[in-house]
1. Which of (1) assigned to a helix (DSSP H, G or I); (2) within 12 Å of the chain's Cα centre (by Cα) does F51 not meet, given it meets every other one?
2. Note down all Cβ pairs under 7 Å where the first residue falls in segment 20-38 and is charged (D, E, K, R), the second is at pLDDT below 90 and exposed (fewer than 13 other Cβ atoms within 10 Å of the Cβ), and they're at least six residues apart or on different chains.
3. Residue under question is T43, and the condition is that it be hydroxyl-bearing (S, T, Y) and loosely packed, with under 10 Cβ neighbours inside 10 Å; does it hold?
4. Which of the residues that make up segment 7-29 are in a loop (DSSP other than H, G, I, E, B) and more than 19 Å from the chain's Cα centre (by Cα)?
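The values are calculated or read from the model by the stated rules, or taken from the named source; none is laboratory data. None of the values given here were measured: they were computed from a predicted structure. With ideal geometry, Cβ positions are generated from the backbone for all residues, glycine too; neighbour counts draw on all protein chains shown.
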Amino acid sequence: MEKSGLVAEQAIDQDAGPEKRIYAITPQGYRTLQDWFEQATPTEHQRDEFFVKLMLALLSGAATRTA
C-alpha cells in the first residue's frame with residue numbers, strides 16, 4: 001500500500017527497542033477507500049467484504065447515511 005501511495009510511513013526512534021513505524025492514509029488512499037466503499041459488494045463474498053467495509057467506514061468516519 002505504501003508503494004502505491006495509499007499510505008505513508010513515519011519511523012519514530014524509541015529509547016528502548018526498535019524504531020516504531022506509524023502508517024497514515026494519504027489523500028490518494030482516502031480517495032481509493034471512498035471509491036471502494038461505493039463499489040457493489042459481490043454476492044459470493046458478501047458477508048466478509050460487507051463487514052470489512054462497514055467497520056472501516058464507521059472507524060474512518062467515512063460512513064454516510066443514505067435513505
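1. Only one criterion is unmet by F51, namely (2).
2. Listed pairs, sorted by first residue: K20/I12; K20/Q14; R21/E9; R21/A11.
3. Values: hydroxyl-bearing (S, T, Y): yes; loosely packed, with under 10 Cβ neighbours inside 10 Å: yes.
Yes, satisfied.
4. Just the residues of segment 7-29 that are in a loop (DSSP other than H, G, I, E, B), to begin with: 13-19, 26.
Selection gives D13, Q14, D15, A16, G17, P18, E19.
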